[in-house]
Ligand SMILES: Cc1cc2nc3c(=O)[nH]c(=O)nc-3n(C[C@H](O)[C@H](O)[C@H](O)COP(=O)(O)OP(=O)(O)OC[C@H]3O[C@@H](n4cnc5c(N)ncnc54)[C@H](O)[C@@H]3O)c2cc1C
């Protein structure tokens, strides 16, 4: 088949799949009132819905997309790095709030939840992946558990408006026009789990939001000969030096990918959360060698060899040639470039593909033990909808899972008129 007809076939099979999903969504009747409505059936919303339904609440999950959990499929390059054995709070923008929500043993809670879903997993360094290395496995076990829990899933319905009444929230859902899926419903507890995109309807509830902007994306740099080596991958140690203070602000090791506009790869994604225009990235291109070890390899005085060609075999040949051209035979300059190659930050690149957004509902409005809005009893939030973001490495999904558990259990407890400890089986209801 010619490439254009292959593309055409893929498009029409995607369109047919979408139609099929929309027809299935249209068959779902949205009740006029439920105990708990979870807006957003992504990573955090699915977990919140499972926890609320398993605690005995009648739950509806509304998602704007024709099916739930689509974001999960794209995570970890389709492999889903779903958690990390070292959930270091310093990886988050708001360690105090995240720590209070996480409690004592967040990893045990997350792994316990997924064990109960039937997921198997494996470890790559500190990162946890499903054993199948397929993100679909994570989504499938979540959807299967959600179906067993009895929650109703109303896909292709986006929340567009909300009004809080003393003991309930009235919600306006809008569906795909040709399928006539618009609906209104009331819920005792509302869980906001609609991810990081700006959501004007949250303003209806009077909740304060910090404007969202993309985070975890490649870093754009000023023009530099290094950027001509487009596609080069190299193990490096990066250090970010602040333009203002001249002091290093962040250090990270990993693989960098050189692009014509700057740098990409996981290390640069983490850098992007901290870098500002004018900052300098110093790249240690030989991170496994100390300066003196590198000197012994390339300095003719130390080694009895010519400096020229001294880096070939230590670094990628093209990279070595570039450094040697720039050093013009000066060994000190060559060593300096190899151990701290400077690139000046211009800003963020490819923001449309950012993995998370920074910003969202201001965390101080929510009690960390329940994720309930302090001034709006019965309104809860979890996942990226809150102003929480983190480095790459399974930290963002860990937040989504654990915050979903907290919000889901507390939303059910509120809707059923129980104290929160009752929801976890410790105490009698009120
Ligand atoms: C390409 C990519 C790769 C990633 N890889 C990783 C990784 O490997 N590890 C990791 O830890 N993190 C990763 N992340 C980040 C991670 O996916 C997010 O942190 C996580 O999905 C956030 O969960 P959430 O439930 O808050 O939002 P989402 O999972 O985005 O879910 C939000 C849901 O809300 C729905 N929605 C939005 N607005 C409305 C509305 N008005 N009404 C109804 N529904 C609505 C959306 O359709 C969506 O289903 C990655 C992200 C991307 C984009």
### Message
Here's a check for you: in segment 86-120, which residue that is outside any helix (DSSP H, G or I) and within 13 Å of the ligand (Cβ to nearest atom) is farthest from residue 366 (Cα to Cα)?
### Response
87
### Message
Give me the helices (runs of 4 or more DSSP H) completely within segment 256-355, filtered to those with at least 2 residues that are touching a helix residue (DSSP H, G or I) at 6+ places or on another chain (Cβ under 6 Å) and closer than 28 Å to residue 243 by Cα, ordered by residue number.
### Response
317-327, 331-339
### Positions within segment 1-34 being under 28 Å from the mean Cα position of the chain (by Cα) and surrounded by fewer than 10 Cβ atoms within 10 Å (Cβ to Cβ), in sequence order
none
#### Entry: Selected residue (criterion: nearest to the ligand (Cβ to nearest atom)) from residues of segment 35-52 that are under 17 Å from residue 161 (Cα atoms) and over 21 Å from the mean Cα position of the chain (by Cα)
37
### Task
Looking only at segment 365-382, decide whether some residue is buried (at least 24 other Cβ atoms within 10 Å of the Cβ), in contact with a helix residue (DSSP H, G or I) (Cβ under 8 Å, 6 or more places away or on another chain) and not in a strand (DSSP E or B).
yes
### Per-region count, segment 21-55, residues within 14 Å of residue 68 (Cα to Cα) and assigned to a helix (DSSP H, G or I)
12
### Message
Residues to consider are 55, 65; find the one that is touching a residue at least 24 places away in the same chain (Cβ under 8 Å) and within 14 Å of the ligand (Cβ to nearest atom).
### Response
65
### Query
Could you list, in sequence order, the residues of segment 383-402 that are more than 8 Å from the ligand (Cβ to nearest atom) and part of a helix (DSSP H, G or I)?
401, 402
### Query
residue 19: in the same structural domain as residue 406 (by TED's automatic domain parsing), more than 15 Å from the ligand (Cβ to nearest atom) and either more than 30 Å from residue 110 (Cα to Cα) or at pLDDT 95 or above (or both), yes or no?
no
### Message
Considering only residues that are buried (at least 17 other Cβ atoms within 10 Å of the Cβ) and more than 26 Å from the chain's Cα centre (by Cα), which ones fall in segment 230-246?
### Response
none
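The values are calculated or read from the model by the stated rules, or taken from the named source; none is laboratory data. This structure is a prediction, so every number in the text was calculated from the model and none was measured. Don't worry about glycine lacking a Cβ; one is built from the backbone with ideal geometry, like all the others, and counts go over all protein chains shown.
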